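**Student:** Here you go, one structure.
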Amino acid sequence: MKDWAFIRERYLSDDLPIQLGGLAANLSRIKSFVIHDANREVVDSLIEESKFFIEWTATATDLEVAAELVELQIQLARWQRKWSSIWDDPELRREVAEQSNTWSKRLLTLSGLLPKYAEEGLKGV
């Protein structure tokens with residue numbers, strides 16, 4: 001059983017851009033793990049954790065970001081509700097992978113982390 005109080009405290013100790021980046025990382029993991037049959041429980045756990053991350057983060061964001069997070073949380077809940085049929089259908093799992101990837105990229109953009117790290121990476125060139 002996960003210690004959600006500890007995870008929440010740790011997650012909220014980061015600045016908002018890092019929190020959004022952590023959520024984006026979870027979605028990227030979903031994209032990677034959903035393809036392999038053995039990862040059903042891992043993906044289910046990542047979906048659940050991502051829903052918590054959204055709940056803990058949304059109130060600290062501006063209205064535009066909060067609206068996108070709510071939309072993502074609804075998508076995650078839809079996946080959970082139909083998880084058995086999704087998992088049994090390789091095409092539906094591929095769609096989850098694509099959508100997770102799209103959301104991950106969107107959250108990284110919203111976080112502001114991509115431009116910051118891209119600029120820092122160019123300084124060493």
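The values are calculated or read from the model by the stated rules, or taken from the named source; none is laboratory data. What you see is a predicted model, and the numbers here were worked out from it, not measured in a lab. Note: ideal-geometry Cβ built from the backbone for every residue, glycine included; neighbour counts use all protein chains shown.
**Student:** Kindly indicate whether A77 is within 19 Å of Q19 (Cβ to Cβ) and more than 12 Å from the chain's Cα centre (by Cα).
**Tutor:** no
**Student:** Hey, another quick one. Could you check how many residues of the range 46-75 are hydroxyl-bearing (S, T, Y) and in contact (Cβ under 8 Å) with a residue 40 or more places away in the chain?
**Tutor:** 2
**Student:** If you don't mind, there's one more thing I want to ask. Going through the range 34-62 one residue at a time, which ones are β-branched (V, I, T), modelled with pLDDT of 95 or more and surrounded by fewer than 17 Cβ atoms within 10 Å (Cβ to Cβ)?
**Tutor:** V42
**Student:** Please list, ordered by first then second residue, the pairs with beta carbon atoms under 8 Å, 6 or more apart or interchain, first in the range 92-103 and modelled with pLDDT under 95, second part of a helix (DSSP H, G or I) and of a type in the set (K, R).
**Tutor:** That search, which allows pairs on different chains as well, returns nothing.
**Student:** Shifting gears a bit: Would you check if I54 is more than 13 Å from V96 (Cβ to Cβ), under 10 Å from the mean Cα position of the chain (by Cα) and of a type in the set (V, I, T)?
**Tutor:** Here the answer is yes, as I54 does meet what is asked.
**Student:** A follow-up question, please. Please tell me if N26 is touching a Leu at 6+ places or on another chain (Cβ under 7 Å) and of a type in the set (S, T, N, Q).
**Tutor:** yes
**Student:** Can you name the number of the only condition in (1) more than 12 Å from the chain's Cα centre (by Cα); (2) surrounded by fewer than 18 Cβ atoms within 10 Å (Cβ to Cβ) that I86 fails?
**Tutor:** All conditions pass for I86, except number (2).
**Student:** Within the range 21-43, identify whether any single residue is among the hydroxyl-bearing types (S, T, Y) and out of contact with any helix residue (DSSP H, G or I) (no Cβ under 7 Å at 6 or more places or on another chain), and answer yes or no.
**Tutor:** Scanning the range 21-43 turns up at least one residue that is among the hydroxyl-bearing types (S, T, Y) and out of contact with any helix residue (DSSP H, G or I) (no Cβ under 7 Å at 6 or more places or on another chain).
**Student:** Please work out which one of (1) modelled with pLDDT under 95; (2) surrounded by fewer than 14 Cβ atoms within 10 Å (Cβ to Cβ) is the condition V70 fails and give its number.
**Tutor:** For V70, the failing item is (1).
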